1. Kindly provide the GluC sites (Glu not before Pro) of segment A:1-101 that DSSP labels as loop, not H, G, I, E or B, and whose Cβ sees at most 13 other Cβ atoms within 10 Å.
2. Take the eigenvalues of the Cα gyration tensor for the protein assembly as shown, scale each by 5, and report the square roots as semi-axes in whole Å, largest first.
3. Taking other Cβ within 10 Å of each residue's Cβ, how do B:Ile80, A:Ile111 sort, fewest first?
4. Name the shape class, rounded, prolate or oblate, that the alpha-carbon gyration tensor gives for segment A:74-135, where a ≥ b ≥ c are the square roots of its eigenvalues, rounded holds for a/c under 1.5, and otherwise prolate holds if a/b is larger than b/c and oblate otherwise.
5. Loop-only check: which trypsin sites (Lys or Arg not before Pro) in segment A:108-146 are DSSP coil with at most 13 other Cβ within 10 angstrom?
6. Per-residue mean of other chain beta-carbon atoms within 10 angstrom of the beta-carbon, peptide A:35-44?
7. Looking at chain B as a GNM with Cα springs under 10 Å, which of B:Gly23, B:Gly11, B:Gly111 has the largest mean-square fluctuation?
8. In Å, what Rg and Dmax follow from the Cα atoms of segment A:106-156?
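Each reported figure results from applying straightforward, stated rules to the coordinates on display, with no laboratory input. Keep in mind that what you see is a predicted model, and the values were worked out from it rather than measured. Here the Cβ positions follow ideal geometry from the backbone for every residue, glycine too, while neighbour counts run over all protein chains shown.
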Amino acid sequence: MSEALLSVRDLSVEFVTYGQTNKVLRGVSLDVPAHSQVALVGESGSGKSVTMKAIMGLLRSPPARITGGQLLYDGRDLQTLPHRERLKLRGTSMSMVFQDPMSSLNPVFTIGDQMGTILKYADRRLGRVRSGRERQARVQEVLSQVRMREPERVARSYPIMLSGGMRQRVLIAMALLSEPRLLIADEPGTALDVTTQAQILKLLKDLVEARGLALMMITHNLGVVRETSSYVYVMNKGVVVEHGPTAELFAAPRDAYTQALIAAVPRLTGGTRFGRREAIP
Amino acid sequence: MTARPMLELVGLSKHFPVRSPFGRITGAVRAVDTVSLTIPRGGVYGLAGESGSGKSTIARMIMGLTRPTAGDILLDGENITGQAGTRAYGRKVQMVFQNPGSSLNPRRTIGQSIAVPLEAHAYPRAGRAARIGELLDMVQLPADFARRYPHELSGGQKQRVAIARALAVAPKLIVLDEPTSALDVSVQARLIDLLVDLGRQLELTYLFISHDLSLMRNFAEEVGVLYLGRIVETGPTASVFEHPAHDYTRLLLASVPVISAEEEAMRPRIELIDGEIPTAEKLLARRQASHLPQDP
């Protein structure tokens with residue numbers, strides 16, 4: 001199974017705070033093959049975000065410490081890779097779509113400035129040369145790829161001038177700037193209204209399929225998992241408790257936690273019985 | 001049915017003035033526009049809508065935090081439009097807010113927080129500690145939680161405390177404003193279980209405000225869909241969900257991420273515009289352009 005674009009092998013992470021050691025990930029393994037759509041689902045505290053941060057090299061150490069396991073990207077071990085080489089991958093070949101809130105955009109620079117800066121540094125790391133004008137052309141190209149109707153106007157706008165849905169589109173555009181092979185999406189659209197969220201998920205899916213990207217969707221929403229992935233890993237308390245093709249796993253979950261989690265989701269068709277129920281393990 | 005409804009809203013409106021930079025009133029935003037609804041005693045009414053639909057403004061008017069521009073609010077048959085916000089009224093209507101993290105005072109213990117409504121309503125001092133223990137028990141929290149502080153509690157536990165505080169004065173109607181939107185799905189399920197059980201035991205009437213249609217389908221008996229301050233569709237939850245008549249309801253239902261093929265089959269199909277799921281404005285504009293009747 002070495003063909004996977006991203007492969008996490010037996011990853012263990014612990015956090016040391018106030019002299020106490022917490023094992024946050026205990027032997028997590030998962031594969032994201034090229035051109036595939038994989039979801040990592042779990043509730044708060046399950047370890048899904050820590051897994052994502054370990055992959056992206058965003059874990060702060062201390063307090064975090066990777067105590068075991070391997071992170072393989074395109075056959076290369078990310079942990080033993082020289083720092084410079086790792087930087088070359090991050091934000092270029094492997095790219096992230098962050099959750100909307102205003103917090104991921106700088107309020108005092110225009111969208112065009114911010115995207116231009118990202119592109120400039122990505123180019124520099126990869127040893128590419130592009131003029132400012134060429135960069136802005138690329139920025140507008142990507143903005144129209146995320147179906148922004150007036151890319152020039154958006155590029156001139158400050159984040160506060162855009163709606164939540166448009167800001168989320170900008171964040172997707174930022175991730176696409178350097179033509180990545182792997183997109184890691186962290187709960188995109190959860191801060192948005194349900195109709196806007198549906199638009200964003202459809203856009204993301206269309207882009208991933210049209211460009212043959214690999215997508216790793218990190219979410220707590222089982223509905224989002226079903227809409228955006230063909231394979232799913234379910235995490236609970238730092239362990240992958242179950243994984244399999246999304247449709248099969250949802251139809252017949254084997255693990256007790258997954259079963260309880262799926263049973264807890266209210267159904268649009270009704271029939272979810274509220275009132276006394278058994279405790280969730 | 002001879003019983004009086006627990007809550008009745010009749011033509012309720014709230015307009016906010018729009019002012020020019022010099023303070024002149026140049027127009028009005030119709031945040032809530034002639035909304036009427038009726039909730040029977042012990043019923044659960046779901047108010048569904050997205051941001052800007054006016055659902056929170058309705059909640060604020062019912063709680064007496066905002067004065068309506070027009071219309072009446074009848075609680076248990078009594079018109080309370082003028083007296084909303086008074087003590088006597090507060091005894092009958094309570095609210096549970098969305099974010100349990102910010103609705104509890106971090107410097108007060110849980111017991112002190114629950115005691116606030118008891119003090120305000122002159123509950124006998126001698127019985128307060130016992131009442132707090134009883135309330136914590138009702139929301140299935142151990143009695144020693146009274147001595148803890150909010151930061152020691154999980155999100156679900158904090159929301160239980162908020163419910164206990166709302167129940168302190170034995171109200172008849174509880175307004176639930178997105179009570180579970182900040183919680184994990186398993187925690188949400190247990191909190192809704194609790195609300196259902198309490199509703200039965202105490203014969204509570206709920207106004208449940210949410211954007212989560214799947215949850216609404218399973219909790220509310222009747223539903224009203226709000227769009228730009230107006231109820232565009234209303235009826236028993238099951239029939240509105242199975243046969244949505246209004247384009248906006250259809251769009252909302254079509255947008256819900258679901259987890260089974262049965263649910264997917266039930267979702268309305270919305271025609272894409274320019275390869276995209278249309279926004280509500282676009283969808284409704286297209287309906288108008290085609291001169292098809294919409295309002296039933």
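1. Passing both the DSSP loop test and the Cβ count: A:Glu3.
2. In descending order, the three semi-axes are 43, 31, 23 Å.
3. Fewest-to-most Cβ neighbours within 10 Å comes out as B:Ile80, A:Ile111.
4. Oblate shape, in that a/c is at least 1.5 and b/c is the bigger or equal ratio.
5. Those satisfying the criteria are A:Arg128.
6. 1
7. Among B:Gly23, B:Gly11, B:Gly111, the largest mean-square fluctuation in the Gaussian network model of chain B belongs to B:Gly23.
8. 11.0, 32
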